[in-house]
Amino acid sequence: MSRPKRRFWRRSSSSLPEQRRQNPAGDEFETRTVHAGQEPDAATGAVVPPITLASTFVQDAVGDHRGYEYARSANPTRAALETCVAELEGAEHGLAFASGMAAEDAILRAALDAGDHVIIPADAYGGTYRIVAGVFEPAGITWTAVDLADVDALTGAWRDETKLLWVETPTNPLLTVVDIAAVAGLARERGALVVVDNTFATTCSSHSASAPTSWCTRARSTSAATPTSSVAWSRCATASSRGGSRSSRTRRARCRVRSTATSCCAA
């Protein structure tokens, strides 16, 4: 008796990031949650990616490696997380960090130079305020705290040197909700980058990558299966809005599945 062929998940053509943003009718959220980044192990055929503990990886020649050289720069286990988070966000790339603040620091250092101005929420997360005021202000970065629920206030605070708009929604801890599309559109008109830092709402209920944003971070969440917190950074090729409603039952299921890390998206 012949064995039935095993069928592994392959994303549909409309599940590719650039196509899915235009046609979200590809693989559904639940399918991508379970399978994205979970390709069978090439060496053993294991259907669950193994946890890789190696700190260094063999190179066929100096600088000629097979995708991994040192765990600090890339690791197969971390790559599986990054792929999954980016896929769920509708983004193109993902990077995982050891903490939310590490992701924030990396974004701010990459996006800003001395003389630039950044706008943050009036009720920003305390760690965000401290890193902007205590680390980046002494380095020549100016900043303004604004009620981002008030678009007129945001417009009034804008300067010629404003290069970055930092958004939280819902904010931590006051849960202020910001219209991402409205503030991101205003920033885009002025040529500025936008960061959406999302601590509370997971991908199941908030699609920051689908709004016209530049970067989005999903903050520090943990689960029993993932005792250490992590944050992912994703880069989007394009941006569009997603529609369609889901039942509360489906949303609850999605939120239960989406229990790790956060993400940050860019166009």
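Would you check which residues across the range 125-152 are surrounded by 13 or more Cβ atoms within 10 Å (Cβ to Cβ) and hydrophobic (A, V, I, L, M, F, W, C) and list them? Passing the criteria: I131, V132, A133, V135, F136, I141, W143, A145, V146, L148, A149, V151. Among the residues of the range 96-109, the ones that are of a type in the set (A, V, I, L, M, F, W, C), in contact with a Ser or Thr (Cβ under 8 Å, 6 or more places away or on another chain) and either at pLDDT 95 or above or surrounded by fewer than 20 Cβ atoms within 10 Å (Cβ to Cβ) (or both) come to 1 in all.
Could you grab me the full set of residues in the range 35-69 that are under 27 Å from E89 (Cα atoms), surrounded by 12 or more Cβ atoms within 10 Å (Cβ to Cβ) and not charged (D, E, K, R)? Passing the criteria: H35, A36, G37, Q38, P40, V47, P49, P50, T52, Y68.
V194 falls short on exactly one of the conditions (1) within 30 Å of A79 (Cβ to Cβ); (2) surrounded by fewer than 20 Cβ atoms within 10 Å (Cβ to Cβ); (3) in contact (Cβ under 8 Å) with a residue 12 or more places away in the chain; (4) among the hydrophobic types (A, V, I, L, M, F, W, C), and that condition is (2).
Can you name the residue in the range 153-175 that is closer than 17 Å to D123 by Cα and touching an Asp or Glu at 6+ places or on another chain (Cβ under 6 Å) and, of all such residues, is surrounded by the fewest Cβ atoms within 10 Å (Cβ to Cβ)? Among those that are closer than 17 Å to D123 by Cα and touching an Asp or Glu at 6+ places or on another chain (Cβ under 6 Å), it is L174.
Conditions tested, residue by residue: (1) on the phi > 0 side of the Ramachandran plot; (2) modelled with pLDDT under 75; (3) part of a loop (DSSP other than H, G, I, E, B); (4) in contact with a Lys or Arg (Cβ under 9 Å, 6 or more places away or on another chain).
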position: T171; (1), (2), (3), (4): no, no, yes, no
position: L175; (1), (2), (3), (4): yes, no, yes, no
position: G185; (1), (2), (3), (4): no, no, no, no
position: R188; (1), (2), (3), (4): no, no, no, no
position: D197; (1), (2), (3), (4): no, no, no, yes
position: A201; (1), (2), (3), (4): no, no, yes, yes
position: S223; (1), (2), (3), (4): no, yes, yes, no
position: A232; (1), (2), (3), (4): no, yes, no, yes
position: T238; (1), (2), (3), (4): no, yes, yes, yes
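Looking only at residues of the range 73-86 that are touching a Ser or Thr at 6+ places or on another chain (Cβ under 8 Å) and closer than 18 Å to T31 by Cβ, we find that the one that is surrounded by the fewest Cβ atoms within 10 Å (Cβ to Cβ) is L81.
Per this entry, L112 is counted among residues that are surrounded by 17 or more Cβ atoms within 10 Å (Cβ to Cβ), out of contact with any Cys (no Cβ under 9 Å at 6 or more places or on another chain) and either among the small types (G, A, S) or under 30 Å from A157 (Cβ atoms) (or both). Counted as qualifying within the range 65-151 are the strands (runs of 3 or more DSSP E) with 3 or more residues that are within 18 Å of the chain's Cα centre (by Cα) and of a type in the set (A, V, I, L, M, F, W, C), namely 93-97.
From the set of residues in the range 156-182 that are among the aliphatic types (A, V, I, L, M) and touching a residue at least 40 places away in the same chain (Cβ under 8 Å), which is farthest from I107 (Cα to Cα)? Result: L174.
The values are calculated or read from the model by the stated rules, or taken from the named source; none is laboratory data. Bear in mind that the values here come from a model prediction, so they are computed numbers and not experimental data. Glycine also receives a Cβ, built like all others from the backbone with ideal geometry; neighbour counts cover every protein chain displayed.
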